[in-house]
Amino acid sequence: MSERLRVNPIKCTAHGMCAELLPEFITLDPWGYPIVPGEPVPDDLIGLARKAAAACPTLALLVDKGRRR
Amino acid sequence: MTVVATTRRQAYPARPAARLPRLLAGLVGGRPAGLNQHESSFGPLPLPEAAWSGNEAAGRRAATRLIDVVERSGLTGRGGAGFPTGRKLRSVAAGPGPAVVVANGSEGEPASRKDRLLLSRTPHLVLDGISLAAFAIGATEAYLVVHDDDARLVAGLEAAVQAREVAGIDQVPIQVVGIEGRYVASEQTAIVQHLNGGPGLPTFAPPRTHERGVAGRPTAVNNVETLAHLAMIARYGHTWFREAGTPSAPGTTLVTVSGAIARPGVSEIELGAPIGEVLMQAGGPAERPQAVLVGGYFGTWLPAEEAWRVSMSHPGLRSVGGAMGAGILVVLPESSCGLAETARVVRYLADEGAGQCGPCIFGLPALADALADLAYHGGRGDAVDRIAGLIPLIEGRGACRHPDGATQLAASALAAFSHDARWHDVEGPCYGVRRAPLLPVPGDLESW
Ligand SMILES: Cc1cc2nc3c(=O)[nH]c(=O)nc-3n(C[C@H](O)[C@H](O)[C@H](O)COP(=O)(O)O)c2cc1C
Ligand code: SF4
Ligand code: SF4
């Protein structure tokens, strides 16, 4: 099963923690907000992705399981 | 053909023979149509007898039949996104427990007048639609949401609801609710949050409104025009509905035409009519046209000669990268500057954001700045690239689709006015920027 990352933009306060933990996948926009690709997280990064989601201070980073966006 | 038997066996007026007008057939003599007037135009509310019989199983079967008819009619939402209404009703009806129906009459688009026209002139058609939708999905609560600053409209609707209460027409009481006029307050999750006692601002999905909306119940939010069509379909059937329009875009729709046009205003058209034909019906251009804004402030600029041939329907507009939106057409004359118009509107949209999401809070003002630079200052050769670079940083990154509407407008301006954009960027502003603004933005003087 593939996992995708999604940001709740209302909760996200641009801490940037997620991009620090997962620079291979998450980049920051000019205002410090994460740009998360819509594609599934590559297998070798899933562990880190879950860690990044857990580390987000506002719980704005979500791991979606399954096929849907 | 009546689809469902009625409780009060009043004869229905013969189904309208002409394909047009349908919704607007009820407009008589410049005044709001009262209940009697409404019933003599369209007949009584076609709630199936089973709705009142107390026989739950029969009621559910009749409700399913009504949803079937709506689904077969091919009716799609008239609030902007064009989602199939039957499918929405079916998924809300399938949700757990009693549902809620919300009629969205808050018409936040400054260039749209159609919902206000329906609500002020033929309110009972909309109220019939609310009642029928409530029956279809098994709702126990029904709300009609409008802007609270329009006191006359609110009072008129409350009086119409009252008249129906006295006559014992609706099964589910309809509550008229005023919300603030901010653009994003009309978005469905914002309405739901307001009805739940919170601020009228969009929320992040999930939960989705049709699964958990008002009071955590499955909630159907429908545009008021959509509901008016539903009230017609319940009376005359899906085959009748499909007699107008095209197979892939059946029925009629309301459009609001403004800008450089001889007779601005709201009219009813068959879906799929070429935009040129719609504009000629409104008396034709008042000046040499340069472009047409289709769909509203989340819409698309099309060069006039291209727009003329495009068919006014979701599939027709999608084929040229546009969208129907709420059926808005604004004619831009040669003498106006499309870039300056776009810059003003994107500034307005940036100011109207809910201030919740970073890409909307920072991205939209940056986009508005870049557009204003291009339109009014220009001459440095970097504005077009800045705009093109900002668009992907904003698109799809808000909790609601507000920022996407603004980027769609900006991107279509760069495409439709590509020649002007290059000129502005290198040489500076054109003469058109000095012309009085065309697109209405609240706060400016009303232009019509
Ligand atoms: C920023 C924003 C503003 C909106 N404004 C309106 C509006 O003024 N009226 C409306 O009916 N729908 C509006 N919508 C769409 C609603 O969220 C919702 O999809 C619609 O009312 C559903 O009705 P329909 O399926 O009948 O079209 C808006 C959406 C967004 C993202
Ligand atoms: S860690 Fe959380 S709050 Fe910080 S940028 Fe990432 S998603 Fe946003
Ligand atoms: S995207 Fe903009 S308008 Fe929509 S919820 Fe976020 S801040 Fe509000």
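The values are calculated or read from the model by the stated rules, or taken from the named source; none is laboratory data. Fair warning: this is a prediction, and the values are worked out from it, not measured in the lab. Using ideal geometry, Cβ is built from the backbone for each residue, glycine included, and neighbour counts are taken over all protein chains shown. We work out accessible area using only protein heavy atoms, side chains counted, and drop any ligands, DNA or RNA first. Shrake-Rupley method; radii C 1.70, N 1.55, O 1.52, S 1.80 Å.
Can you find even one residue in segment B:388-398 that is among the small types (Gly, Ala, Ser), within 26 Å of the chain's Cα centre (by Cα) and open to solvent by 50 Å² or more (accessible area, probe 1.4 Å)?
yes
The residue that is nearest to B:VAL278 (Cα to Cα), among those in segment B:327-359 that are open to solvent by 10 Å² or more (accessible area, probe 1.4 Å) and among the polar types (S, T, N, Q), is B:SER335. The residue list B:PRO173, B:PRO199 contains one member that is within 28 Å of B:GLY296 (Cβ to Cβ), open to solvent by 40 Å² or more (accessible area, probe 1.4 Å), more than 13 Å from ligand 1 (Cβ to nearest atom) and not hydroxyl-bearing (Ser, Thr, Tyr), which is B:PRO199. Evaluated against (1) over 25 Å from B:PRO365 (Cα atoms); (2) within 14 Å of chain B (Cβ to nearest Cβ); (3) open to solvent by 40 Å² or more (accessible area, probe 1.4 Å), A:PRO30 falls short on exactly one condition, (1). Of the set (1) open to solvent by 10 Å² or more (accessible area, probe 1.4 Å); (2) free of Cβ contacts under 8 Å to residues at least 24 places away in the same chain; (3) not assigned by TED's automatic domain parsing to the domain that holds B:TYR431, all apply to B:LEU317 but (1).
Comparison of B:PRO250, B:PRO264, B:PRO285, B:PRO218 shows that the only residue that is without any contact (Cβ under 8 Å) to a residue 60 or more places away in the chain and not hydroxyl-bearing (Ser, Thr, Tyr) is B:PRO285. Scanning segment B:275-295 for residues that are farther than 24 Å from B:SER418 by Cβ and of a type outside the set (Gly, Ala, Ser) yields a count of 4. Residues in segment B:355-396 that are outside any helix (DSSP H, G or I) and either within 16 Å of ligand 3 (Cβ to nearest atom) or within 24 Å of A:LEU61 (Cβ to Cβ) (or both): B:GLY355, B:GLN356, B:CYS357, B:GLU395, B:GLY396. Annotation: of all residues in segment B:108-119 being at pLDDT 95 or above and open to solvent by 20 Å² or more (accessible area, probe 1.4 Å), the one that is farthest from B:PRO440 (Cα to Cα) is B:LEU117. Out of B:VAL146, B:VAL166, B:VAL172, B:VAL161, one residue alone is under 21 Å from the mean Cα position of the chain (by Cα) and not small (Gly, Ala, Ser). It is B:VAL146. Applying the criterion of being within 26 Å of B:GLY389 (Cα to Cα) and within 14 Å of ligand 2 (Cβ to nearest atom) to the residues of segment A:38-64, the residue that is farthest from the other protein chains (Cβ to nearest Cβ) is A:LEU61. Screening B:GLY389 against (1) within 25 Å of B:ALA81 (Cα to Cα); (2) within 11 Å of another protein chain (Cβ to nearest Cβ); (3) not β-branched (Val, Ile, Thr) leaves a single unmet condition, (1). Of all residue pairs spaced 6 or more apart or on separate chains, those with beta-carbon atoms under 6 Å, a first member in segment B:59-79 that is open to solvent by less than 50 Å² (accessible area, probe 1.4 Å) and a second member that is assigned to a helix (DSSP H, G or I) and at pLDDT below 95 are B:GLY59/B:ALA50; B:GLY59/B:ALA51; B:ALA62/B:ALA50.
Can you find a residue that is open to solvent by 10 Å² or more (accessible area, probe 1.4 Å), within 13 Å of ligand 1 (Cβ to nearest atom), modelled with pLDDT under 95 and under 20 Å from B:GLY80 (Cα atoms) anywhere in segment B:220-238? No, there is no match, as no residue in segment B:220-238 is open to solvent by 10 Å² or more (accessible area, probe 1.4 Å), within 13 Å of ligand 1 (Cβ to nearest atom), modelled with pLDDT under 95 and under 20 Å from B:GLY80 (Cα atoms). For B:ALA136, indicate whether it is more than 16 Å from ligand 3 (Cβ to nearest atom), open to solvent by less than 10 Å² (accessible area, probe 1.4 Å), more than 14 Å from chain A (Cβ to nearest Cβ) and in contact with a strand residue (DSSP E or B) (Cβ under 6 Å, 6 or more places away or on another chain). No. Filtered by the rule that a residue be closer than 10 Å to B:PRO403 by Cβ and facing chain A (nearest Cβ under 7 Å), segment B:349-362 gives B:CYS357, B:PRO359. Filtering segment B:87-98 to residues that are surrounded by 22 or more Cβ atoms within 10 Å (Cβ to Cβ) and of a type outside the set (A, V, I, L, M, F, W, C) leaves only B:LYS88.
Can you confirm whether B:LEU371 is away from chain A (no Cβ under 14 Å) and open to solvent by less than 70 Å² (accessible area, probe 1.4 Å)?
It is true that B:LEU371 is away from chain A (no Cβ under 14 Å) and open to solvent by less than 70 Å² (accessible area, probe 1.4 Å).
Whether a residue is open to solvent by 10 Å² or more (accessible area, probe 1.4 Å) and either outside any helix (DSSP H, G or I) or touching a Gly at 6+ places or on another chain (Cβ under 8 Å) (or both) was assessed, and B:VAL101 does not pass this test. Checking the structure you have, find out if any residue of segment B:231-243 is closer than 30 Å to B:GLY283 by Cα, of a type in the set (Phe, Trp, Tyr) and touching a Leu at 6+ places or on another chain (Cβ under 9 Å). Within segment B:231-243 (the criterion being closer than 30 Å to B:GLY283 by Cα, of a type in the set (Phe, Trp, Tyr) and touching a Leu at 6+ places or on another chain (Cβ under 9 Å)), the answer is yes, since at least one residue qualifies.
A count restricted to segment A:1-22 and to residues that are more than 9 Å from ligand 2 (Cβ to nearest atom) and facing chain B (nearest Cβ under 8 Å) stands at 1.
Kindly indicate whether any position in segment B:394-416 is more than 14 Å from every other protein chain (Cβ to nearest Cβ) and basic (Lys, Arg). No, that holds for no residue. Taken over segment B:318-333, residues that are of a type outside the set (Gly, Ala, Ser), within 23 Å of B:ALA343 (Cα to Cα) and out of contact with any Phe, Trp or Tyr (no Cβ under 9 Å at 6 or more places or on another chain) amount to 6. Filtering segment B:397-422 to residues that are away from ligand 3 (no atom under 16 Å from the Cβ), in contact (Cβ under 8 Å) with a residue 12 or more places away in the chain and not in a loop (DSSP other than H, G, I, E, B) leaves B:ALA411, B:SER412, B:ALA413, B:LEU414, B:ALA415, B:ALA416, B:ASP420, B:ALA421, B:ARG422.
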